[in-house]
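Visitor: Have a look at this one before I ask anything.
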Amino acid sequence: MSNKFDVVVIGAGPGGYVAAIRAAQLGLKTACVEKWVNKEGKSVLGGTCLNVGCIPSKALLEASHKFHEASHDFDDFGIQAKGISMDVKKMVGRKDKIVNQLTGGIAMLFKANGVTSFEGTGKLLAGKKVEVVGHDGQSQVLEAENVIVASGSVPVEIPPAPLTEGLIVDSTGALDFTETPKRLGVIGGGVIGLELGSVWGRLGSEVTVFEAMDTFLASVDQQIAKEVKKSLTKQGLEIELGARVTATEVKGKEVEVTFADAKGEHKKVFDKLIVCVGRKPYTQGVLADDSGVTLDERGFIFVDDNCRTSVPGVYAIGDAVRGPMLAHKASDEGVAVADLIAGRKAEVNYDAIPSVIYTFPEVAAVGKTEEELKASNVAYKTGVFPFAAAGRAMTNGSTEGMVKILAHAETDRVLGMHIFGQHAGELIHTGVIALEFASSAEDLALMCFAHPTLSEAVHEAALAVDGHAIHMA
Ligand code: FAD
């Protein structure tokens, strides 16, 4: 087999594997190098997202939501569901099965599309060569016309809370608890911390979330963030804002956390502690010293708007480069770069990338927040519609939250959509389409939405931008 390829991709997460499939579909001879070995010691594709990120966390979120619903909400519907219990090992086993199915599916897609898969660690050398060191230590060098680096990210660790087997864990460890901890501490009140806190909180853990910032979900529209905090607090999550964890001490099977807030220093004891303080780009051992590819001041691979690195023919995508650390952003960049290499026109619209927090209810957003518009002196108008006034939300027994649309005061162009409510992660795509197509709020208001659906709240919010929601006094 020749070791010469049109495209060699390093990393098979949602950035790398999508780029490799797309490049092969466009007729380019493509290889992908991936070093991930799962907990059973098997080489697997799919990266963080499929193995320890988006997919496993959503499997646990769904299971814990169903449990919580059956235990707390079924009664309202007239359903008698007594003596319900959760088999945590079975829940985690189901999660593992889904992960295996999906990672195996990518291996099949590679085969079907003719992507050559290399198991091992890839390193970009000078002259667009990629050295692959297999898990058996054997090394070979691939020659490439183009290289795409998609090496992803890893969790940030903090000195006051060093990971300690089974007690102080990162997000990966929190996906594999074998039983529900009675008292659970979560350091970091961001997306991952709130999702994992929700999983275990719904199963009965007493959850405390420590967030160093004074503002809850600072990057989320604050009208929405306030509602989310109220809701999560009602669900039992104790959210400590302005609380900086300064030390941890393992005492037998417990962890004592010391944290400081405006009132002074405090201590709290937990059975498990999850550290979720963010993720950092992973480039360790990926770039040879003379590869020519440079990093920015925060350790991300430096790229231009089209994911081109400082070396012609070498691209970088996904969590390893600037922009939101999201799977769909990584995949979009993967498609765009493969298209560029194949000589097609391509670009990622970074202004229309949705983000979702999979709490219950979900939080979803696309475009600008009200705070961002204020800060950049953009004149805007707002339309808000609460799910409490939506018939379908009532029939679903889920009336919390709202849809909020921000539109330009003069042109009426939709600048942002923010949703807190059941299925917000699905509903937000109306906003993505609106932003992508540069629609006005009136365009949305003039569309026909099916009744009764949650999407009608989007319609009503669009009508509300002009002050005329139908089902609101
Ligand atoms: P990764 O998925 O990190 O993949 C990089 C791959 O490169 C890895 O497989 C790694 O082994 C491989 N690699 C690195 N170096 C080398 C090398 N030298 N040689 C060979 N291979 C190498 N995002 C969402 O959009 N939605 C969600 O719901 C969501 N939930 C998440 C939940 C959790 C708990 C976590 C941790 C993350 C979540 N994310 C979510 C983030 C998402 O997982 C990442 O944004 C996404 O995986 C980034 O894709 P990537 O391809 O850039 O990198």
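Just so you know, all these numbers are worked out from the coordinates, no wet-lab data involved. For clarity, every value in this text was computed on a predicted model and none was experimentally measured. With ideal geometry, Cβ positions are generated from the backbone for all residues, glycine too; neighbour counts draw on all protein chains shown.
Visitor: Highest mean first, how do 419-428, 165-174, 81-90 rank when packing is the count of other Cβ atoms within 10 Å averaged over residues?
Guide: Going by the mean number of other Cβ atoms within 10 Å, highest first, we get 419-428, 165-174, 81-90.
Visitor: A further question on this structure: Could you tell me which of ASN113, TRP200, LEU167 has its Cα farthest along the dipole of the range 108-227 towards the positive end, charges placed at Cβ (Lys, Arg +1; Asp, Glu -1), taken about the Cα centre?
Guide: It is ASN113.
Visitor: Also: What net charge do the residues around LEU142 carry, taking every other residue with its C-beta under 10 Å from that of LEU142, with Lys and Arg at +1 and Asp and Glu at -1?
Guide: +1
Visitor: Sort out for me the Cα centre separation of the range 249-310 from the range 90-150, rounded to whole Å.
Guide: Distance between centres, Cα-based: 24 Å.
Visitor: Shifting gears a bit: What length, rounded to one decimal in nm, is gained on full extension from GLU254 through to ASP73, with 0.36 nm per residue of separation minus their alpha-carbon distance?
Guide: So the chain would gain 61.9 nm between GLU254 and ASP73.
Visitor: Grab the other residues whose beta carbon is less than 11 angstrom from that of ILE187, score K and R as +1, D and E as -1, and report the net.
Guide: That sum, taken over residues with Cβ under 11 Å, equals -3.
Visitor: For the range 18-69, which trypsin sites (Lys or Arg not before Pro) are both in a DSSP coil and crowded by at most 15 other Cβ atoms within 10 Å?
Guide: LYS39, LYS42
Visitor: On full extension of the chain, what length is gained from ARG244 through LYS280, given 0.36 nm per residue of separation minus the C-alpha to C-alpha distance?
Guide: Result: 11.0 nm gained on full extension.
Visitor: Kindly state, to the nearest 0.05, the FRET efficiency for HIS471 paired with ASN396, given R0 = 22 Å and r defined as their beta-carbon distance.
Guide: The formula returns an efficiency of 0.85 here.
Visitor: How much net charge surrounds HIS418 when only the other residues with a Cβ under 14 Å from the Cβ of HIS418 are counted, with Lys and Arg +1 and Asp and Glu -1?
Guide: -3
Visitor: Taking the Cα-to-Cβ direction at ALA450 and at HIS266 and moving 7 Å from each Cα, how far apart do the two end points lie in nm?
Guide: 4.7 nm
Visitor: Between VAL141 and GLN80, take the C-beta separation as r, use R0 = 56 Å, and let me know the FRET efficiency to the nearest 0.05.
Guide: Computed FRET efficiency for VAL141 and GLN80 comes out at 0.25.
Visitor: Which lysines, on any chain, are close to LYS381 with Cα under 18 Å apart, when same-chain ones fewer than 8 places away are left out?
Guide: The qualifying lysines are LYS368, LYS404.
Visitor: Let me ask you something else. If contacts are Cα pairs under 8 angstrom and at least 6 residues apart, what is the relative contact order of the range 203-249 in percent?
Guide: 57 percent
Visitor: Something else now. What lysines could a cross-link reach from LYS89, if we take a straight Cα to Cα line under 22 Å and drop same-chain neighbours fewer than 8 places away?
Guide: Counting by Cα, and skipping residues close in sequence, LYS89 has these lysines nearby: LYS39, LYS42, LYS58, LYS66, LYS97, LYS182, LYS253, LYS272.
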